[in-house]
Structures are given as C-alpha cells and as structure tokens.
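Notes to accompany the following structure.
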Amino acid sequence: MTGTEKIIEKILSQAREKAEEIAQAARREAEQYESNVLEQAKLKAEKLLLDAKAEMQERERRITAVAEIEIKKHELAAKRIVLDEAYEAALAKLASLDTDSYRELYIKTVLPAITKGTETIAPSRKDKDRLGQAFLDMLNKRLEANGIKAELKPAPPRDDADYGLWVIDGSMEIDLTNKAVIRAVREKTEGETAKLLFAGGK
C-alpha cells in the first residue's frame, strides 16, 4: 500500500469512526427524546385522568346536592299536604259539633271580641239556628254576668261563609267564621302540630 493509499484509508477509517459516533449520539438523542415524549404523555394522561375524576366527583356532588334539595322540597310539600288535611279535618270537626258544644265554643270565641256590648252579631246562613237568637241571648247573659253592657243585636244571616259568624261594630267587622277561627288557630299552633305529626322525622 502506497503512502497515499494509507492516508486515504486513515481518513476513511476516521470518517467511519466519526460517522459511528454521530450515529450513536443520534440514537441516544432519539432515545432520550422518545423517553421525554413518553414521560410527558404519561404525565399528561395522568393529569387528564385526575381532571376527569375531579370533574366526575364535582358532577356527582352537584347531582347529589340537587337530588337532596328535590327530596327536601317533596318532603316539605308532603308535610304541607298532611298539615292542610289535619286542619281541614279540624274545620270539619268544628262544623259537626253538637249544638251545645258549638255554642259554648263560640261564646268563648266571641266574648274577647266584644268591647262595647252593643255590637251586631251576623251568623252564616248555615248557622242561623245554632248561632241565631238563642245564641245571642246566651251571649248577652254572659256579658251581663261579667258586668258588661249586654245589648248585642242580631243581623240577617250571611252567605259569605258556610259556618260561623261576624261581629260588627259600625264599619268595623271581625271575621269569626269557622275558617277564620281555624286559620287563627293554625297560625299559633302549626309548629307544634307539625312536631306532633312528624315526630321521629327529620
């Protein structure tokens, strides 16, 4: 081998070595890049999974909260219906009392509303017998016994309500019909009635 050929061979050998170094460096870089890409993809996938879980939990929380609100609304509506029925039953019971019990209850109801003793008492048409003149006479006797002027006057029966009466003093009118009486009782007792009806509930 001539000197020139040796030089050429050396150059080629160095070139091959350099090419191999470059190739190895390229492979290492490619492997590192691939590893980095895979790691980033893994991290991204984990983040997406965590985000998806968090979103699912938040949706579940919201759905549960809405469901609980709806349940409470239905429970309250159901309790309201039961309360309504309880006071409707009380209203029916009041209307069905025997005459003596009914008059005695209304005497106790009317007396606190009498301030002058000269008011007018107007019964409902259906109560014109139970709360008519005989009832008015009983009221006047009670007023007289209590040392109050006893000159209550009757008024024609009214059709404004089914049962009960009105105490009238000039332009002032006190509604003591059955519905008004039960409504007043309900305002004072609804909370306690609810406790009795729903004892043991939430």
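The values are calculated or read from the model by the stated rules, or taken from the named source; none is laboratory data. Keep in mind that what you see is a predicted model, and the values were worked out from it rather than measured. We place every Cβ from the backbone using ideal geometry, glycine too, and count neighbours over all the protein chains shown.
Of 79, 93, 53, all but one fail to be at negative phi, surrounded by 10 or more Cβ atoms within 10 Å (Cβ to Cβ) and under 22 Å from the mean Cα position of the chain (by Cα); the exception is 79.
Against the conditions (1) over 19 Å from residue 186 (Cβ atoms); (2) part of a helix (DSSP H, G or I); (3) at pLDDT 90 or above; (4) not charged (D, E, K, R), residue 94 satisfies every one except (1). Go through the residues of the range 62-72 one by one and say whether even a single one is at pLDDT 85 or above and either outside any helix (DSSP H, G or I) or exposed (fewer than 10 other Cβ atoms within 10 Å of the Cβ) (or both). Taking every residue of the range 62-72 in turn, none turns out to be at pLDDT 85 or above and either outside any helix (DSSP H, G or I) or exposed (fewer than 10 other Cβ atoms within 10 Å of the Cβ) (or both). So is residue 117 surrounded by 13 or more Cβ atoms within 10 Å (Cβ to Cβ), part of a loop (DSSP other than H, G, I, E, B) and at positive phi or not? When the stated conditions are applied, residue 117 passes them. The number of residues in the range 17-38 that are modelled with pLDDT of 85 or more and within 54 Å of the chain's Cα centre (by Cα) comes to 0.
Name the residues in the range 123-144 that are in contact with a Pro (Cβ under 7 Å, 6 or more places away or on another chain) and not in a helix (DSSP H, G or I), would you? 123, 124, 128, 131, 132, listed by residue number. Checked against (1) farther than 30 Å from residue 79 by Cβ; (2) without any contact (Cβ under 8 Å) to a residue 12 or more places away in the chain; (3) not polar (S, T, N, Q), residue 143 passes all but a single condition, namely (2). Looking across the range 153-202, the residues that are more than 30 Å from residue 120 (Cβ to Cβ), of a type in the set (A, V, I, L, M, F, W, C) and either modelled with pLDDT of 95 or more or touching a helix residue (DSSP H, G or I) at 6+ places or on another chain (Cβ under 8 Å) (or both) come down to 194, 197, 198. The C-beta contact set for the range 154-168 (first residue on the phi < 0 side of the Ramachandran plot, second residue of a type in the set (D, E, K, R) and part of a loop (DSSP other than H, G, I, E, B), distance under 9 angstrom, 6+ apart or interchain) comprises 156/128; 157/128; 163/130; 166/160; 167/119; 168/119.
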